[in-house]
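Chemist: Structure below; questions to follow.
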Amino acid sequence: MVSPVHPSVAVDGIVLQGRKLVMVRRRNEPHRGMLALPGGFVELGETTPEAVVREVREETGLETRVQRLVGVFSDPRRDPRGHVISIVYALEAIGGRLKAGSDAAAVVRVDPAAVPPLAFDHNEIIRVWRGL
């Protein structure tokens, strides 16, 4: 296997539905079975806002619209698969229906004030989103 010569680019989405954060239970490794923000890798020819809307739809069934950029998370150790930079957006749900799909084993709604341990650095992402 050839080692990558540059980081991969991913996106994660923060969606509130009924004052609860929409999370997915990971179907695959790494962190299989843990809760995480919906997200994934940016595809060739796709903007990061397009990618996050697609990933959230594929994993949760929700149609969303980007509200704002939350931040860029680039710690080389944030993902055990290698150096992955994640661009995180807050999104507004505008349609669809919660249903696990793609890489999600389940979709779960979580109280933003009582977030359990999450996969990757997603607890840090939530902390930044909350402004703490």
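The values are calculated or read from the model by the stated rules, or taken from the named source; none is laboratory data. This is a predicted model, so every value here is computed, not measured. Note: ideal-geometry Cβ built from the backbone for every residue, glycine included; neighbour counts use all protein chains shown.
Chemist: Pick from Arg78, Arg25, Arg19: which is of a type in the set (D, E, K, R) and loosely packed, with under 14 Cβ neighbours inside 10 Å?
Modeler: On inspection, the qualifying residue turns out to be Arg19.
Chemist: Consider only pairs whose beta carbons are under 6 Å apart and that are at least six residues apart or on different chains; among these, list those whose first residue lies in the range 1-25 and is closer than 30 Å to Ala114 by Cβ and of a type in the set (A, V, I, L, M, F, W, C) and whose second residue is surrounded by 10 or more Cβ atoms within 10 Å (Cβ to Cβ) and modelled with pLDDT under 95.
Modeler: Val24/Ala104
Chemist: For Val5, only one of the following conditions fails: (1) of a type outside the set (Gly, Ala, Ser); (2) surrounded by 13 or more Cβ atoms within 10 Å (Cβ to Cβ); (3) more than 16 Å from Ile126 (Cα to Cα). What is its number?
Modeler: (2)
Chemist: Would you pick out the residues in the range 34-46 that are closer than 12 Å to Leu91 by Cβ and assigned to a loop (DSSP other than H, G, I, E, B)?
Modeler: Once the filter is applied, which keeps residues that are closer than 12 Å to Leu91 by Cβ and assigned to a loop (DSSP other than H, G, I, E, B), the range 34-46 yields Leu37, Pro38.
Chemist: In the range 47-104, what count of residues is obtained for those that are in contact (Cβ under 8 Å) with a residue 24 or more places away in the chain and not in a strand (DSSP E or B)?
Modeler: The qualifying residues number 28.
Chemist: Then there is this: Suppose we filter the range 7-42 for residues that are of a type in the set (Asp, Glu), over 10 Å from the mean Cα position of the chain (by Cα) and closer than 15 Å to Ser86 by Cβ; how many remain?
Modeler: 0
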